[in-house]
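These notes are about the structure you will find just below.
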Amino acid sequence: EKLGMPHELVWRQPFPGPGLGIRVIGEITEEKLEIVRDSDLILREEIAKHGLDKEIWQYFTVLPGIRSVGVMGDGRTYDY
């Protein structure tokens with residue numbers, strides 16, 4: 001900013017950088033890429049909402065290659 005560069009350029013996160021594939025551990029599928037896109041959007045919105053987007057140099061989400069058990073409504077889920 002001191003050099004007169006646009007605010008949007010100075011503070012943008014380097015996403016997707018070399019590609020979404022580096023954020024998926026294991027087999028890369030369209031479903032997994034969509035999960036990473038969605039999770040990245042949620043993370044960026046939360047960081048900005050709390051005013052941390054200029055405090056944290058770089059942040060990103062990663063999808064591990066394992067599924068986990070969770071609860072959704074009255075049932076269990078087994079998903080990413």
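The table below gives the values:
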{"item": "Rounded to whole Å, sorted largest first: equivalent-ellipsoid semi-axes of the chain, Cα gyration tensor", "result": "31, 16, 8"}
{"item": "29, 61 arranged by Cβ crowding within 10 Å, fewest neighbours leading", "result": "29, 61"}
{"item": "Stretch in the chain that is longest and holds no GluC sites (Glu not before Pro) that DSSP places in a loop and that have at most 12 other beta carbons within 10 Å", "result": "28-54"}
{"item": "Spatially proximal lysines relative to residue 32 (Cα-Cα < 29 Å; intrachain offsets below 8 disregarded)", "result": "49, 54"}
{"item": "Which of 32, 54, 2 has the fewest Cβ neighbours within 10 Å, and the rest in rising order", "result": "2, 54, 32"}
{"item": "Which of 20, 9, 41, 3 has the fewest Cβ neighbours within 10 Å, and the rest in rising order", "result": "3, 9, 41, 20"}
{"item": "Cα-based helix-to-principal-axis angle, 30-49 vs the chain, degrees rounded to 10", "result": "50 degrees"}
{"item": "Förster radius 25 Å - calculated FRET efficiency between residue 80 and residue 46 (Cβ-Cβ, nearest 0.05)", "result": "0.85"}
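Any read-out appearing in this document is the output of simple, stated calculations on the displayed coordinates, not a laboratory observation. What you see is a predicted model, and the numbers here were worked out from it, not measured in a lab. We place every Cβ from the backbone using ideal geometry, glycine too, and count neighbours over all the protein chains shown.
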